[in-house]
Amino acid sequence: MCVEAAPPPPSRMTRRGVLAAAAALAGTATVATPAVAAAQDRGDKAKAGAARGGDLVVEGGALLDPKTGDVTDDAVVVIANGVVRAAGARRDVSVPQGVQAVDAHGKWILPGLIDAHIHLNTAAEARDAVRQGATSARSGSTNFYQDIAVRELARQVPALAPRLRAAGVFVTPDLGDTVLADPDLTELARLKDGVRSAEALWRVVEVNLARGVDCVKTRVNERAGLPEQDPLAQVYSYEQLREIVTAARRGGKGVLCHSYAEQGCHDAVTAGIRSLEHGVYVGERTLAEMCRRGTYFTPTLSAIAGLAESSNPVLAERGRTYLPVLKQAVLAAHERGVPLAAGTDSSGGTVKPIGREIELMRSAGLSALDAIRTATTGAARLLGLERTAGRLVRGFAGDVVIVDGDPLADVTVLKRPAQVVRAGIAL
């Protein structure tokens, strides 16, 4: 839940700078598999900004469509240039000759999963996220715009990173070393009270927008992952949050907001955020407002469960206290019709499987299918990918997760994918 520091990139992220950063990130990865090497070669030859995927056939498994809940036995998914060209029962799909095939007999076939809250600071983390099934993701911020480079890496060499919505740097009172992320942020280090004035808040948002972010991340409460902080203490008022939302909307972007206390949750939602993150003590009045506005809830149950396993007694007690409360909030939100999205809040070099978040959604009281939807169709809508990800139908991304068992009977199989396909490339 706390983003680790990393060396700052160049001042302005020009296209050449983005590509250089992406190349540097790629260089930190382990030795590529032949499939990844081939993908890299194709990426070198692709047009700028347009990643080329692979050609692949996945055949023989039970295909689950999260939107409808339909299951198709002995299914075939045909992927060409990284995009689904056909998917359905074998009798209804023409299988091309001479194309690499993945045998999924006895297994289940699902669309690639989506992690709607993750901190990807390195190529290794990006690679781990994909291999654990998160073929699309939304950044929860990085200290030095690493997520923008990861986003470009995913476009150039999709096998190495999830399709990513980047948030840039955190809009928070204390930027810390993040003031070094861009020369236009350095003057904020002089502010005695930190980033709190309307002018300072707009400055951070505008620098993010200039860097090309897809969304803006802020917070209303202190952090839960730092034992010296009180997660229920409020750091921004409704008025300050409104300034952040207004600045982001001026650039056509939505805001995700880190929150814990009910008052903070309510202030954030009524200020107009797009999604509420964590939200342990979100109350009925706020859930009602979220339902009315269509505000998403990304509870990051994995992160809170992780606190309970901490060796620090303060954090462990915090996690044990928060987790059952958060599960109740998730179920209450679901029953009210608040849209849910799965997010692991992975950071600090350890990438949690998105399947773990689905498992916790299930344990909170959602049906298996609804829990899966939080990491497929539900998260896709939040990320603006509802016509790209979350299903395996014609025209959608050729991202596939294959598992050894029936996820409708046991969602834990999603924590250990038997095979992942990213843009038609079998990993």
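Rule-based calculations on the coordinates, nothing more; no lab input. Only a predicted model underlies this, so the values are computations on that prediction, with no experimental measurement involved. Please note: Cβ atoms are built from the backbone with ideal geometry, for glycine as well, and neighbour counts cover all protein chains shown.
Modelled this way, with points 7 Å down the Cα-to-C-beta line, the labels at N81 and A418 are 3.2 nm from one another. Just checking the listed ones, G194, G60, G98: in the Gaussian network model of the chain with Cα springs under 10 Å, the one fluctuating most is G98. Segment S367..Q328, full-extension length gain: 12.6 nm, with 0.36 nm per residue of separation and the alpha-carbon distance subtracted. The charge dipole of the chain, taken about the Cα centre with unit charges on the Cβ atoms of Lys, Arg (+1) and Asp, Glu (-1), comes to about 1140 debye, rounded to the nearest 20.
Would you work out the charge dipole size for segment 294-412 about its Cα centre, treating the Cβ of every Lys and Arg as +1 and the Cβ of every Asp and Glu as -1, and quote it to the nearest 20 debye?
Details: 12 positive and 12 negative charges, 68 e Å.
So the dipole magnitude of segment 294-412 works out to roughly 320 debye.
Rounded to the nearest 5, what is the percent of antiparallel bridges among the DSSP beta bridges in the chain? The antiparallel fraction comes to roughly 45 percent. Determine the shape class of the chain: with a ≥ b ≥ c the square roots of the Cα gyration tensor eigenvalues, call it rounded for a/c under 1.5, and otherwise prolate if a/b is greater than b/c, oblate otherwise. Since a/c reaches 1.5 but b/c is at least a/b, the shape of the chain is classed as oblate. The sum of -39500 (n - 2.57) across all DSSP H runs of n ≥ 4, divided by the residue count of the chain, sets its helix-only mean residue ellipticity at 222 nm to -10500 deg cm²/dmol. The mean sequence distance of close C-alpha pairs (under 8 Å, at least 6 residues apart), as a share of the length of the chain, puts its relative contact order at 20 percent. What you get for segment 249-346, charging only the Cβ of Lys and Arg (+1) and of Asp and Glu (-1), is a dipole of about 420 debye around the Cα centre. Stretched out straight at 0.36 nm per residue, the stretch from D193 to A409 would grow longer than its current Cα-Cα span by 72.5 nm.
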